[in-house]
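S.K.: Got a structure for you, written out below as C-alpha cells; questions coming shortly.
The values are calculated or read from the model by the stated rules, or taken from the named source; none is laboratory data. These numbers were taken from a predicted model, which means no experiment stands behind them. So basically every Cβ, Gly included, is an ideal-geometry build from the backbone, and we count neighbours across all protein chains shown. Heavy atoms of the whole protein, side chains included, go into the accessibility calculation; ligands, DNA and RNA do not. Shrake-Rupley method; radii C 1.70, N 1.55, O 1.52, S 1.80 Å.
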Number of protein chains: 2
Amino acid sequence: MVNFRFALNQLGLLFCVLSALQLLIAGWSSLQLLLGDDAELLAARAFTFSALIGFGVGGALWLVNRTAAKTLERREALLMVALSWLVGAALAGLPYLIWANLTATANPEHAFLSPVNCYFEAMSGLSTTGATILTGIDELPRSIVLWRAATHWLGGLGIVVLFVAVLPSLGAGGKKLFRVEAPGPEPEGVRPHIRETAQVLWLIYLGLTLAEIVALRLAGMNWFESVCHTFATLATGGFSTIDASVGGFNAWAVDIVIITFMFLAGVNFGLYYKLIRRDYAVLWRDTEFRVYVGIILVATTLVTLSILGSPITLTSGEVLDPSAAQAVRHGLFTTVSVQTTTGFCSADFNQWPYLAKAVLITLMFIGASAGSTGGGIKIIRIWIVAKVLIAEMERAFRPYVVRPVKVGSTAIDAPMRYGTLAMVLGYLLIVPAGTFLIVIFEEGAGHSIDITTAGTASVATLFNIGPGLGRVGAIENYAWFTDAAKIVMSILMAIGRLEIFAVAVLFFPRFWSGD
Amino acid sequence: MVNFRFALNQLGLLFCVLSALQLLIAGWSSLQLLLGDDAELLAARAFTFSALIGFGVGGALWLVNRTAAKTLERREALLMVALSWLVGAALAGLPYLIWANLTATANPEHAFLSPVNCYFEAMSGLSTTGATILTGIDELPRSIVLWRAATHWLGGLGIVVLFVAVLPSLGAGGKKLFRVEAPGPEPEGVRPHIRETAQVLWLIYLGLTLAEIVALRLAGMNWFESVCHTFATLATGGFSTIDASVGGFNAWAVDIVIITFMFLAGVNFGLYYKLIRRDYAVLWRDTEFRVYVGIILVATTLVTLSILGSPITLTSGEVLDPSAAQAVRHGLFTTVSVQTTTGFCSADFNQWPYLAKAVLITLMFIGASAGSTGGGIKIIRIWIVAKVLIAEMERAFRPYVVRPVKVGSTAIDAPMRYGTLAMVLGYLLIVPAGTFLIVIFEEGAGHSIDITTAGTASVATLFNIGPGLGRVGAIENYAWFTDAAKIVMSILMAIGRLEIFAVAVLFFPRFWSGD
C-alpha cells in the first residue's frame, strides 16, 4: 500500500506555506491600498480569503494525518511531488478566482471567472511555463501580477531543490543524471545531506535573484517590474507585467540583462556550487555546459541570418527598420528565451521565416540543462541519446565490438542508457498524444484548429516554454481554448515539469496496488 | 576493410537483371507500336538504350569484380543492399531521362528532362513510396507508366525477400524481429534455407498479384490499368495510371478490391506461409496481426465519424453529396491506404477536418506490419516500445521488480528492447531533420514553405507513403521542390525503406575503416 496519509500530511504543510505567502502578498496589497492604489482593495481581500481557506484545508490535512508513519520511499516521494504540483496549483489559483468573483460586476467577462482558467494560469506559473490566458495584464491589480510572478519563482526553486537535492537522495534517476552532469571529486553527489545541499541551492537562487533585480532596476525598469521579471527569468517562466512581454519595453539594457540571466537560469545549478568552491575549470570540463553554449551560438547564428535584412515586428506592434544589430539582438533574445524554455518575447517570431521557426521548434524540444530551472528534454539526455544511436549504428555492421557510451569521462551504464532512451521516447510520444487530444476537444466543440497551433501548444506546454506558433504565437494567448483542452495542457505542464514519471505513474493501476 | 569489390560485383548482377526487365518493357512497347500506338516509338527506343547502358555498366562491374572473394558478412550485406537501392534507382530512372530527351522538342518543359526528377521518381518507385513529380500521367507512353508500376512491384518483392529471407540468415536484427512476429514451430525462422524461403515468398507474391489483376479486371478496369494498379497495391507503392489516382475511377468495386489487397499487402508475409500450411490459428495468435486489424478499425471509425455529414471531394475534383456509405467508403480507403503506406488517394483528405488529418498523420508513423511490403515504423516496434515504456514507468516506483517484456508469449530480450527503442527514436529524429533540410533548401532558393507541407513531405517520404498534407496533399505532387530538397527526400525514401541502418551506416566513417 502507498502511504497515502503521509503524502497528505506533507501536502497540508505545503498548503500552509503557500497560504503564508498569500498572506504576505495580502499585506503588500494592503500597503499599496494605504498608499492610494484603490484597485488593491478587493485583491487584498481575495488573497486573505484564499490564505484562510488554504490554512484551513492545509491545517486539517496536516492534523488528521500527523500520526502517519514517516516513510518517504520512492512511491511516497513520487506521490508527494505529483500532489504538490497538481493540487498545489489549485490553491495557487484560488486568489485569481476569488478576486474575479469579487469584481464580477465591473468585469463580467474576465478570464479569471472560469476556475479552469485560474488553474491553468496557476499551473503555468508553478510549472514555470509562462503560457497565459490573460489579456489586459496592465489593468490587473499589481498584487495579482506579483503573485503570478511569485508562482514562477516558487516553482523554479522547488524544481531545483527537487531534482538536485531531494530525488537524488532517494536514489531516483536524478542522482545518476546529476552525477553525469557535474562530475567532480565528491563521490556522493554535490554534498551528502539533503538539507545542506538545499540550503546552498537556495542561497544561489536568492543571490541570482537579488543580482537580477538590481540589474533590471539599473537598466531602467521600476522596482515592481524588476522583481516580477526577475522571478519569471530565473524560474525560466515567462510571465511579464504587460501583454507585450519584454518587447513592450524595447530597451537594449533590459534585453541584455534578461538574456544574461535567462542564460544563467538554464545552467545546471550544481555548477554554481562548484564555482563557489573556486573550481572554475568545471565550465570546460562539463559536457552539458559546453553543448549548451554551442547550441545557443549555432541557433542564434541561424536565426539571425534568417531574419537579417527584414523589418522586425516587436510584440508591441512596433516595426523596427532592418539592421544587423537588431537582428542579432532579437535573434539572440528569442533563441535564449526558447532554448531555456523561458518564453519571454521581444519580437513576434511567428512572422519570421520558416527556417527561424524550424530552429526554434527544435530548441523547444532540446530545452535547457538538467538541474536548471528550465524545461524541455534536457541537453544531457539529447547528448546521451545521440551517443547511444551512434553506438547502435556501429553495432549494425560490427555486432561484436562493444564501446562504452561516455559523457565526458563518465561511462553511461546500460540501465541509464535504456532509461534515457525510454524517457526521450516517452516525451516524443506525449507530444503527438497531446496534439491529438487538443484537436479532438477543439473540434468536438465545433472549433477549427490548425496543426501548427495544436502541435506547438502541446510542445510549448509539455516543455514548459509558454508561447508556440500560429494562434499560440508570441502575441497570442491561450484563453480561446475549450476547458477540456486547457485541462489537457495543464496536465502536460505538470508532466513536463516533473519529467513524466511522477505524474504518469499516478495513472498506473499498479502504482496504487501491491506491496 | 569492407569487401567493396564483391558488393560491386553483385551490383553488376542487379544492373543486368534490371536491364533485362527494361528490354522486356521495350519489347512490349514495340508490340504496342506495331498495334498502332505511335507514342511508343520513342519510348521503346528509350528502354532499349537504357537497357544497353545498364548491360554495359552492369556487365563491366560484374566482370571486373568477378574474382572478388565471396564473403557476405554483415558489412558487405549492408553495403550491397544500400547500393542496390541508391544506385539501382539511377538505372531505373534512366529510361525516363532518355525518353524525355528524345521528345524534348515536343515537350520542352517535361519534368523528366531533369535527372533529379527521374531519380526521385525511380527511387519513389523502387522504395514503394509512390510520391510523384509528374502531372499529365494520362499523356505518357503506356510503357513508361508500366515501368513506373513495375519498379514498385520489384521494390516490394525485394523488400519482402530481404527482410524475411536474406537479412535473418545473416543474423541481422530482422531475424529476431521476424521470430517475434510469427512465432511457430520452426525454431530457425520460417524455413532454414534462404533460397527455399525466398521461393515460397515469391510464389505468394506472384499468387496475390495474379489474383488482384483478375479482381480489378472484373471490377471494371482494363487489363493495363489492372496490372499497373496491382503492382502498386501489392508493393504498397501508390503510383496510379492517372493523375487523379484511384479517385479518378470512382467505382465501388475497384475501391473494394484495392482496399482488400492493400490490407493483404500490409500483413507480414510470413503469416501467409503459415496459412498455406493450414495453420489458420496463427491469425489469432499473432499479436501484430491483431493490433493491425484493431488499429484499422479504430482509425477508420474516427476518420469516418469526422467526415460524416460533409460533402466529400474526390481527387478528380468531383464532389459527392454527404452520405454515410460514402463516408465509410472513403474513410476506410484512406485509412487503409495510409496505414499500409500505399498512398493511393480516392478523396482529397487535405480538405478533411483536423481530427481526420491527425489520425492519418499518426497512422503514417505507425505503418504496416514488419515483413510486409509496407513502410513506417511498423506495428510490432510500436507495440514493443509501448510495452517497454509501461515497464519503465513501473520501474520508477518499484525499481526492484523485474517483469519480462512480452509480445504474445515471446519474451523480448534486453538487446532487442534496446535496439527497438533506438530504432524508433532514430526514425523520430530523422523526421525533424528531414523537415529541417527541406525548409533550409526551399528557403535558400527563396521559396516559402509551410511547416505542415515540409513536415508531412518528410514523413511521407521517410515512411514510404507518398502523399502528405498541404502542398504535398492528395491532389498535389512533388515537382515544385528544389533539386536539393528532392535529393534529401530521395535519401529519406531509401533510409525508410531499408529501415535506417543500411543507408545510415554508409555515412559512418568507421563503417569504411578498420577490420
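S.K.: Give the residue from B:LEU355, B:ILE307, B:THR373 lying farthest towards the positive end of the charge dipole for segment B:285-398; charges sit on Cβ (+1 for Lys and Arg, -1 for Asp and Glu) and the dipole is referred to the Cα centre.
M.R.: Farthest towards the positive end: B:THR373.
S.K.: Provide an ascending nm list, one decimal, of label-point separations from B:VAL298 to the equivalent residue in each further copy; define each label point as 7 Å from Cα along Cα→Cβ.
M.R.: In nanometres, ordered from closest: 3.6.
S.K.: Rounded to a whole number, what % of the accessible area of the protein assembly as shown do carbon and sulfur atoms account for, probe 1.4 Å?
M.R.: On the way: 25490 of 37740 Å².
Carbon with sulfur: 68 percent of the solvent-accessible area.
S.K.: How shielded is B:443-453 by partner chains, expressed as the average number of their Cβ atoms within 10 Å of its Cβ atoms?
M.R.: Mean shielding by partner chains, rounded to a whole number: 3.
S.K.: Which far-off residues, 5 or more places away or on another chain, put their amide H under 5 Å from the one on A:LEU320, with H placed in the peptide plane?
M.R.: Excluding prolines and chain starts, which carry no amide H, the hits are A:ILE312, A:THR313, A:LEU314.
S.K.: Which helices, counted as full DSSP H runs in chain B, have an axial Cα extent of no less than 15 Å and a Kyte-Doolittle average of 1.6 or above?
M.R.: Within chain B the helices that satisfy the rule are B:252-265, B:354-366.
S.K.: Calculate, in nm to one decimal, what B:THR135 and B:GLN351 gain on full extension: separation in residues at 0.36 nm each, minus their alpha carbon distance.
M.R.: 75.7 nm
S.K.: Then there's this: Could you give the spread of the C-alpha atoms of segment A:336-438 along their three principal axes, from largest to smallest, in whole angstroms?
M.R.: Per principal axis, max minus min of the Cα coordinates gives 52, 31, 25 Å.
S.K.: In addition: So what is the relative contact order for segment B:360-515, in percent, with contacts set as C-alpha pairs under 8 Å and at least six apart?
M.R.: It comes to 20 percent, rounded to a whole number.
S.K.: What number comes out for the charge environment of A:ILE475, summing +1 per Lys or Arg and -1 per Asp or Glu over other residues with Cβ under 10 Å away?
M.R.: Within the 10 Å Cβ shell, the charges total -3.
S.K.: Taking H as built 1.01 Å from N, whose amide H comes closer than 5 Å to the amide H of B:ALA347, not counting residues under 5 places away?
M.R.: Distant-sequence amide H within range of B:ALA347: B:THR315.
S.K.: Given the alpha-carbon gyration tensor of segment B:297-371, what are the semi-axes of its equivalent ellipsoid in whole angstrom, ordered largest first, with each equal to the square root of 5 times an eigenvalue?
M.R.: Taking √(5λ) for each Cα gyration eigenvalue gives 20, 12, 10 Å.
S.K.: Take A:SER513 and B:ALA484, extend 7 Å from each Cα along the Cα→Cβ direction, and tell me the distance between the two endpoints in nm.
M.R.: 5.7 nm
S.K.: Tell me the relative contact order for segment B:463-515 as a rounded percent, counting alpha carbon contacts under 8 Å between residues six or more apart.
M.R.: 28 percent
S.K.: Treating only the Cα positions of the protein assembly as shown as identical point scatterers, give the base-10 log of I(q)/I(0) from the Debye formula at each q in 0.10 Å⁻¹.
M.R.: Evaluating at q = 0.10 Å⁻¹ gives log10 I(q)/I(0) of -1.23.
S.K.: Additional query: From the label point of A:ASN107, set 7 Å along Cα to the beta carbon, how far off in nm is each other copy's matching point, shortest first?
M.R.: Ordered by increasing distance: 6.6 nm.
S.K.: Next up: For segment B:1-131, what is the charge dipole size about the Cα centre, in debye to the nearest 20, if Lys and Arg each add +1 at the Cβ and Asp and Glu each add -1 at the Cβ?
M.R.: So the dipole magnitude of segment B:1-131 works out to roughly 680 debye.
S.K.: Other chains near A:423-429: what is the mean number of their Cβ atoms within 10 Å of each residue's Cβ?
M.R.: 5
S.K.: Express in Å², to the nearest 10, the accessible area of A:ARG66 obtained by rolling a 1.4 Å probe over the protein heavy atoms while all chains stay in place.
M.R.: Accessible area, nearest 10 Å²: 120 Å².
S.K.: How much net charge surrounds A:ALA454 when only other residues with a Cβ under 12 Å from its Cβ are counted (Lys, Arg +1; Asp, Glu -1)?
M.R.: -1
S.K.: What ranking, highest mean first, results for peptides B:383-396, B:113-126, B:96-109 when packing means the other Cβ atoms within 10 Å averaged over each residue?
M.R.: The densest-packed peptide leads the list: B:113-126, B:383-396, B:96-109.
S.K.: Tell me, what are the semi-axes, in whole angstrom and largest first, of the equivalent ellipsoid of segment A:254-360 as set by the roots of 5 times the Cα gyration tensor eigenvalues?
M.R.: Sorted largest first and rounded, they come to 29, 14, 11 Å.
S.K.: Quote the FRET efficiency, to the nearest 0.05, computed for B:ASN222 versus A:ALA386 with a Förster distance R0 of 45 Å and r equal to the Cβ-Cβ distance. Write out the running numbers ahead of the final one.
M.R.: Working: r = 53 Å, r/R0 = 1.18.
Result of the calculation: an efficiency of 0.25.
S.K.: Please give the peptides B:280-291, B:31-42 ranked by average Cβ packing (other Cβ atoms within 10 Å per residue), highest first, as a rough proxy for protection.
M.R.: The packing order, highest mean first, is B:280-291, B:31-42.
S.K.: Please report, in debye to the nearest 20, how large the charge dipole of chain A is about its Cα centre when each Lys and Arg carries +1 at its beta carbon and each Asp and Glu carries -1 there.
M.R.: The dipole magnitude comes to about 2000 debye.
S.K.: Note the full-extension length gain between B:GLN199 and B:LEU31 as 0.36 nm times their separation in residues minus their Cα-Cα distance, in nm to one decimal.
M.R.: Result: 57.4 nm gained on full extension.
S.K.: On to the next question. Roughly how crowded by other chains is peptide B:73-82, in terms of the mean Cβ count from those chains within 10 Å of each of its Cβ atoms? The partial results should precede the final answer.
M.R.: Working: counts 2, 6, 3, 1, 1, 2, 1, 0, 0, 0.
Per-residue shielding by partner chains comes out at 2.
S.K.: Let me ask another. Based only on the alpha carbon positions, what is the Kirkwood hydrodynamic radius of segment A:466-515, in angstrom?
M.R.: 12.9 Å
S.K.: Also, I was wondering about something else. Report, in debye and to the nearest 20, how large the dipole of the protein assembly as shown comes out about its Cα centre when Lys and Arg carry +1 and Asp and Glu carry -1 on their Cβ.
M.R.: For the protein assembly as shown, the charge dipole is close to 3920 debye.
S.K.: In nm, to one decimal, how far is the modelled label at A:ALA281 from the one at A:SER310, with both set 7 Å along Cα→Cβ?
M.R.: Taking the simple label geometry, A:ALA281 and A:SER310 are separated by 4.7 nm.
S.K.: If you roll a 1.4 Å probe over the heavy atoms of the protein chains, what accessible area per residue do you get for chain A, in Å²?
M.R.: 37 Å²
S.K.: Once the label point is set 7 Å along the Cα-to-beta-carbon vector, what list of distances in nm do you get between B:VAL87 and its counterparts in the other copies?
M.R.: Between copies, matching label points for B:VAL87 lie 6.8 nm apart.
S.K.: Can you count the Lys pairs in chain A with C-alpha separation below 21 Å, eight or more apart or on different chains?
M.R.: Taking chain A as the scope, the lysine pair count is 13.
S.K.: Send over the Kirkwood Rh of chain A, from the inverse of the averaged 1/r over different Cα pairs, rounded to one decimal Å.
M.R.: Values: mean 1/r = 0.0428 Å⁻¹.
For chain A, the Kirkwood estimate is 23.4 Å.
S.K.: Under the Karplus relation 6.51 cos²θ - 1.76 cosθ + 1.60, θ = phi - 60°, what is the ordered set of whole-Hz ³J(HN,Hα) values for segment B:465-473, x standing for Gly and Pro?
M.R.: 9, x, x, x, 10, x, 7, 10, x
S.K.: Another question about this same structure. Could you grab the relative contact order for chain A? Cα pairs under 8 Å, six or more apart, rounded to a whole percent.
M.R.: The normalised contact order for chain A reaches 17 percent.
S.K.: Helix-only mean residue ellipticity at 222 nm, chain B, DSSP H runs n ≥ 4 weighted -39,500 (n - 2.57), per residue, nearest 500. What is it? Please list the in-between numbers first.
M.R.: Details: 20 runs with 323 residues, N = 515.
Using -39500 (n - 2.57) per qualifying helix, the result is -21000 deg cm²/dmol.
S.K.: Bin width 10 Å, alpha-carbon pairs only: give the P(r) of segment B:415-474 as whole percents, running from 0 to the bin holding the largest distance.
M.R.: Going from the shortest bin to the longest, the percentages are 24, 43, 22, 9, 1.
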